[in-house]
Amino acid sequence: MSYKKSIKITIVLSLLTNFIYCQQNLFQQGTEFYNKADFVSAKEKFFELNEFLTKNNKVSPEVLYNIGCCYFRENKLGYARFYFELAKKFAYHDKDINHNLRFVKKITGNTAEESFFIQIVKFLSFEETYIFMFLFNIFFFGSLIVENFVKLNFLRWIKRLSLVFLLCFAVLGIIRLNLEFKKTGVVLEPVNLLSAPEETSFTKSVVINEAKKVVVLSEKGDYYAVYLLQDKVQGWIKKDKIGMLAG
Amino acid sequence: MRTKIFIYFIVLLLATKNFAEISISASVDKNVISLDEYVTLQVVVSGETTNVPQPNVPQLQDFQIYSSGRSQSISIINGRVSTSVTFNYILSPRRVGEFEIPPISVEYKGKIYQTEPIKIKVEKSVPKQQNMPQQSIYSTKKRDIFVETTVDKRTAYVNEQITLTFRFYTRINLLSQPQYTPPDTAGFITEDLPPQRNYYTIIDGQRYYVSEIKTALFPVSVGKFVIGPATVRCTIEDFDIDDFFSDSFFRRFFSSGREVVLKSEPIEIKVLSLPEPQPELFSGNVGKYTISVSVDKQKIEQNESTFLNIKISGIGNIKSLTFSKSLIETFLGKNFVIYDPITSFDIKKENYVVKGSKTFKVPISVSSAGRFVIPEIKFIYFNPQTKQYETTSSTPIVLEVIPSTKYQIAKPVVSKQQQISLEDIRYLKTFYKVKSKNRSLGFYIALQFLPFICWIGVVGYKKYEEKKLKNYHKYRFTNAYKNVKRKLKNIYKSKNVIEELYNIISEYLADKMNITKEAVSTQEINKFFYGKIDTNVYNDLISLWDEINYYKFAPSKIDLNELNVIEQVRKITNVLQRLEYELQKKY
């Protein structure tokens, strides 16, 4: 190995180590601030880390979860829910994330946002639903392929069963896809629900509490037309009061 | 060494003492007010305990004090509980002057903590300056546009709902969105009553478009109060609607309109005091309510806590409903250990009436085993409809307390802080993993087509094979030359060139004539090709075949080392190429 090459490798390695150390350090500092009940400083550290990861097109559900915890301690439940929801997108079955999300929904009275059917659909993540669909796809088309070469009795049963499951998962997959690309958001702070996309005394209808989940129907200027899942009402809300989750 | 341990012990003791300390602070929203206004006093008591004591607010000669509820936040970090309770009071001044709210104190573990005194200056109530120029108040003979405010009652009891209705009437086009300024409601707690109504009405034969805004007012003290004028500022068309032929009608196309300010009349409200004598357990709640009591768990262990849920539902100022801890202690008796309640409320504003429920979640526990009855809990309120004090009661609940599996009865009872187990969020993540931000959703969707494509491929291949079998002769005939070219390319790798050349040519001819390789002979070639192709090509083919046969069957007569393979391959290619051309012409 040439002298120049070894210097280059050393520089790259030291930079990489430094990056990893910086990340780890920010995470530790955030945790320490949190333990000292300095949630604002803790949040800043986790935000810094999250920003660093985002720049590198990366994300950490644990960092998002910790930001949510800081917001919760600051009693900003809208922001807390938003970050827990974001964290859930990348760690669907994480027990802590799900517990905190359930807890925030419970204390903000948003437990009946989704129907029982949607809750069942959401039992599996988008990726899991499509992996199951793929498996049944393989079983079904695999049995069709094998049938071309060998005639086996049990293949008929595999074909029928896998077709039933494949159709079920296809339906689930379509609904899941629809849910995944539906424009949804979380109300970050208490905000006026307006009857038109402008805020005057005549357009105010009701104050919406934070942490409510909304479906964004359309947008105009600085406002989103939203549908509140829990309260089943529609109206306009300022864009900066909603944290967008998907779509 | 012993001295060191002793010092550590002392430091530890001091630290524990620090943790147990609480703090108190008080603040007011304004220090200078007029006689008809009120001050909101906020007392915050916080500390690392769940059992934050109630502050002692001293009797104030110069103010009437009303409690307007409390809010509490509890946080548990690494098992350490810290609570912050905010007690809200409304102070209504009795006279003009400069007054001082003396220190508000709180007693905790024998130690008294107190706030700094707060100075408040009360000035004479001055009629509000009318900033709007008089001429700007728009009022025409025909009343094209006007506003009014009405109340459902002009006399009410303290904390009774008064519904203030503001209406904006117009029968002309507005050139701007009207700007509404609500009236001055000093002396009242206000609550918006959505939704705003819009409808048409006919007054004196004229059809008006009406926008209606309602507000609930709850008076905070006894006396006479004035609801100030509500104003609407808007721009209207600057022309006479009936004067069609005048210049002004045409001028409207070029006019930017005229701004007008509309004001409603002030309304005087008389607030009555609640009738005397007041019942013993009455705590100032006004409205119409029912009480329901439940427990989260009916079977608990000794010293284990459960929530006693006291839910007051009905019509009235839900936010300021009070149900003090001392009142709960009065009902429950000494068998129960009671902690500070956590309150939550759910307000509905159906039909422009403030209603809903307020829930007091009281953590309770019992130190001895057995069956305990939570007796009926009474809630006394003043009903302004019947003008009487009414009582609503809950049904008794039996609480079964089983001996503790965690604590031995002989041992001293653990502290209150340790007993309480409140639900909380989970602790921070102590490590983290990094993932790619892009979720490859498209990949998962595309994956679903893979088995289908495989199946289509297999079916297609099978069909192709079937087709091939059905027309095998044609297949052999068509592909014969292609096979020869392929095989001739690899001839140099072969160990037995003569054998390989013979096989290539005989296979080619067999494919063309649809016979087996072994059946190829000069006679068969003659039979198949003679007269069908050019004579020169035919002759060259026969001589090639003879030559190859000669090499194959009389190898001893030739020197293999002298055999030029390249030349032979070129020769074969040439003959077969021409033959192929001839056959293509024919077939």
Point to revise | Tabulated pairs, the stretch B:366-384, first at positive phi, second buried (at least 19 other Cβ atoms within 10 Å of the Cβ) and aliphatic (A, V, I, L, M), C-beta under 7 angstrom, 6+ apart or interchain | key: B:Gly370/B:Val401
Practice item. Answer yes if at least one residue in the stretch B:345-358 is part of a strand (DSSP E or B), touching a Ser or Thr at 6+ places or on another chain (Cβ under 9 Å) and aliphatic (A, V, I, L, M), and no otherwise. Key: yes
Point to revise | Test: B:Glu499 is farther than 29 Å from B:Asn471 by Cβ, acidic (Asp, Glu) and loosely packed, with under 15 Cβ neighbours inside 10 Å | key: yes
Check your understanding: Do we have B:Arg207 as basic (Lys, Arg) and away from chain A (no Cβ under 14 Å) here?
Key -> yes
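Would you confirm, using the coordinates I've provided, whether B:Ser255 is in the same structural domain as B:Ile189 (by TED's automatic domain parsing), farther than 30 Å from B:Thr165 by Cα and modelled with pLDDT of 55 or more?
Numbers: in the same structural domain as B:Ile189 (by TED's automatic domain parsing): yes; farther than 30 Å from B:Thr165 by Cα: yes; modelled with pLDDT of 55 or more: yes.
Yes, satisfied.
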Study note, to complete from the structure: In the stretch A:104-155, residues that are more than 12 Å from chain B (Cβ to nearest Cβ), over 36 Å from the mean Cα position of the chain (by Cα) and free of Cβ contacts under 8 Å to residues at least 12 places away in the same chain total 5
Review point. Hey, does the stretch B:139-147 have a residue that's surrounded by 17 or more Cβ atoms within 10 Å (Cβ to Cβ), in the same structural domain as B:Phe225 (by TED's automatic domain parsing), within 36 Å of the chain's Cα centre (by Cα) and not acidic (Asp, Glu)?
Key: no
Study note, to complete from the structure: Checked A:Glu51, A:Glu62, A:Glu32, A:Glu74 against criteria (more than 22 Å from the chain's Cα centre (by Cα) and acidic (Asp, Glu)); the one match is A:Glu32
Practice item. Kindly provide the set of residues from the stretch B:420-465 that are within 7 Å of chain A (Cβ to nearest Cβ), surrounded by 14 or more Cβ atoms within 10 Å (Cβ to Cβ), in a loop (DSSP other than H, G, I, E, B) and of a type in the set (Val, Ile, Thr), ordered by number. Key: B:Ile425, B:Val434
Practice item. Run down B:Leu541, B:Leu509, B:Leu583 and say which single residue is touching a residue at least 60 places away in the same chain (Cβ under 8 Å), surrounded by 11 or more Cβ atoms within 10 Å (Cβ to Cβ) and within 28 Å of B:Lys474 (Cβ to Cβ). Key: B:Leu583
Review point. How many of the residues making up the stretch B:371-388 are surrounded by fewer than 16 Cβ atoms within 10 Å (Cβ to Cβ) and in a strand (DSSP E or B)?
Key: 4
Practice item. Among residues belonging to the stretch B:159-199 that are of a type in the set (A, V, I, L, M, F, W, C) and under 20 Å from B:Ile347 (Cβ atoms), point out the one that is farthest from the other protein chains (Cβ to nearest Cβ). Key: B:Ile162
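Answer yes if at least one residue in the stretch A:104-126 is touching a Gly at 6+ places or on another chain (Cβ under 7 Å) and not charged (D, E, K, R), and no otherwise. Before you say what the answer is, go through the steps one by one.
So the first thing to find is which residues in the stretch A:104-126 are touching a Gly at 6+ places or on another chain (Cβ under 7 Å), and the list is none.
Looking through the stretch A:104-126, none of the residues is touching a Gly at 6+ places or on another chain (Cβ under 7 Å) and not charged (D, E, K, R).
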Revision key, fill the gap. A:Leu77 vs (1) touching a residue at least 40 places away in the same chain (Cβ under 8 Å); (2) facing chain B (nearest Cβ under 8 Å): all pass except (2)
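Yes/no per residue for (1) modelled with pLDDT of 90 or more; (2) surrounded by 15 or more Cβ atoms within 10 Å (Cβ to Cβ); (3) in a strand (DSSP E or B):
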residue	(1), (2), (3)
A:Ser205	no, yes, yes
A:Val215	yes, yes, yes
A:Ser218	yes, no, yes
A:Val226	yes, yes, yes
A:Gln230	no, yes, no
A:Ile237	yes, yes, yes
A:Gly243	yes, yes, yes
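Which residues, taken from the stretch B:294-317, are on the phi < 0 side of the Ramachandran plot and polar (S, T, N, Q)? Break it down into steps so the answer makes sense when it comes.
Kept after step one, since they are on the phi < 0 side of the Ramachandran plot, are these residues of the stretch B:294-317: B:294-302, B:304-313, B:315, B:317.
B:Ser294, B:Gln298, B:Gln302, B:Ser305, B:Thr306, B:Asn309, B:Ser313, B:Asn317, listed by residue number.
For A:Ser14, indicate whether it is surrounded by fewer than 11 Cβ atoms within 10 Å (Cβ to Cβ) and either within 13 Å of chain B (Cβ to nearest Cβ) or among the hydroxyl-bearing types (Ser, Thr, Tyr) (or both). Lay out the reasoning, then the answer.
Values: surrounded by fewer than 11 Cβ atoms within 10 Å (Cβ to Cβ): yes; either within 13 Å of chain B (Cβ to nearest Cβ) or among the hydroxyl-bearing types (Ser, Thr, Tyr) (or both): yes.
So A:Ser14 fits the description; yes.
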Study note, to complete from the structure: Out of (1) at pLDDT 90 or above; (2) farther than 30 Å from B:Leu469 by Cα; (3) β-branched (Val, Ile, Thr), the one B:Val565 does not meet is (1)
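Do we find that A:Ala246 is touching a residue at least 60 places away in the same chain (Cβ under 8 Å), within 13 Å of another protein chain (Cβ to nearest Cβ) and at negative phi in this structure?
Details: touching a residue at least 60 places away in the same chain (Cβ under 8 Å): yes; within 13 Å of another protein chain (Cβ to nearest Cβ): yes; at negative phi: yes.
Against the criterion (touching a residue at least 60 places away in the same chain (Cβ under 8 Å), within 13 Å of another protein chain (Cβ to nearest Cβ) and at negative phi), A:Ala246 qualifies.
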Review point. For the stretch A:19-32, does any single residue satisfy the condition of being more than 13 Å from chain B (Cβ to nearest Cβ) and modelled with pLDDT of 90 or more?
Key: no
Revision key, fill the gap. Those residues of the stretch A:173-190 that are surrounded by 20 or more Cβ atoms within 10 Å (Cβ to Cβ) and either within 13 Å of chain B (Cβ to nearest Cβ) or in a strand (DSSP E or B) (or both) come to a total of 6
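The values are calculated or read from the model by the stated rules, or taken from the named source; none is laboratory data. Being a predicted model, the structure only gives us computed values, none of them experimental. Cβ coordinates were reconstructed from backbone atoms using ideal geometry, including for glycine residues, and neighbour counts include every protein chain displayed.
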